[in-house]
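Enquirer: Quick one: structure below, then a few questions.
Every number here is computed from the coordinates shown, using simple stated rules; none is lab data. What you are looking at is a predicted structure, and each value in this text was computed from that prediction instead of being measured. In this analysis, Cβ positions are derived from the backbone assuming ideal geometry, glycine residues included, and neighbour counts consider all displayed protein chains.
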Amino acid sequence: MKNVIELHHPLIEHKLSILREKTTSTKVFRELIKEISMFLCYEAMKDAVLDDVSIETPLEKMDTHRLNEDKYVFIPILRAGLGMVDGVLSVLPTAKVGHIGMYRDEVSFKPVNYFFKVPDDIEHREVIILDPMLATGGSCIDAIDLLKEKGVEKIKFLCIISAPEGLQKVYEKHPDVTIYTACIDKKLNQNNYIVPGLGDAGDRIFGTK
């Protein structure tokens, strides 16, 4: 799938090994989600277009390049996506932040939308969706559908762990959306959880289980 970029780096593999372990504390889990999100955001910004600016150093004036952070919007999918916000904002601190609220129906396994709040001029911005897990791909596809309905043309998706089945579904529906993932795991189990995965990211981030 040409739209999927998997990060391969010893530091990420190291952090993922701690993140996955069931005995990892809530505090450490949150910190690792933040750190890995920073790496993902760094990779996702490789094609960013810089503006020409003139500045003055302590020694002389010079022409250089600068990112227009104001044109970017981070949109976490609630609630687990909130755990990635601090990490990406440490990379682009003045970017806007919207929110999409979804949860997975435990019977149908389909995402249910309950909240959508984004900047009014979202169609003129580049959107980066945040969700630690891409399992079936349902939430990802629904979030992209909502944003495209608002006129957004440039969308990226950042996730920590992903499943091949979900990646394939997103590619079939939205091949124009680039997905950045720290690791592609083996598969989904019978309950549509990623294996080996790391459990429920939302519960582990917020300490609710």
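Enquirer: Once label points are set 7 Å from the Cα along Cα→Cβ at both SER25 and GLU106, what is their separation, rounded to one decimal in nm?
Expert: Inter-label distance under the simple model: 2.9 nm.
Enquirer: Also, quick follow-up: Mean-square fluctuation check for the chain, GNM, Cα pairs under 10 Å: which of TYR72, TYR42, TYR171 is largest?
Expert: Looking only at TYR72, TYR42, TYR171, the biggest GNM fluctuation is shown by TYR42.
Enquirer: Can I ask one more? Taking neighbour counts of Cβ atoms within 10 Å as a proxy for exposure, in what order, fewest first, do GLU123, GLU60 appear?
Expert: GLU60, GLU123
Enquirer: Let me ask another. Compute the relative contact order of the chain as a whole-number percentage, counting only Cα pairs closer than 8 Å that sit 6 or more residues apart in sequence.
Expert: 24 percent
Enquirer: Can you flag which of LYS15/LYS71; LYS34/LYS187; LYS2/LYS46; LYS96/LYS209 are past 19 Å Cα-Cα?
Expert: Checking Cα-Cα distances, LYS15/LYS71; LYS34/LYS187; LYS96/LYS209 exceed 19 Å.
Enquirer: Springs between alpha-carbon atoms under 10 Å, Gaussian network over the chain: tell me which of THR64, THR23, THR136 tops the mean-square fluctuations.
Expert: THR64
Enquirer: Quote the FRET efficiency, to the nearest 0.05, computed for LEU11 versus LYS209 with a Förster distance R0 of 25 Å and r equal to the Cβ-Cβ distance.
Expert: Efficiency computed from Cβ-Cβ geometry: 0.35.
Enquirer: Counting other Cβ atoms within 10 Å of each Cβ, which trypsin sites (Lys or Arg not before Pro) in the range 1-82 have at most 10 and sit in a DSSP loop?
Expert: Qualifying residues, ordered by number: LYS2, LYS22, LYS46.
Enquirer: Go ahead and estimate [θ] at 222 nm for the chain from helices alone: -39,500 (n - 2.57) per DSSP H run with n ≥ 4, summed, over the residue count, rounded to 500.
Expert: Per the formula, -9000 deg cm²/dmol.
Enquirer: Shifting gears a bit: What is the local net charge at ILE5, summed over the other residues whose Cβ is closer than 15 Å to its Cβ (Lys, Arg +1; Asp, Glu -1)?
Expert: For residues surrounding ILE5, the net value is -1.
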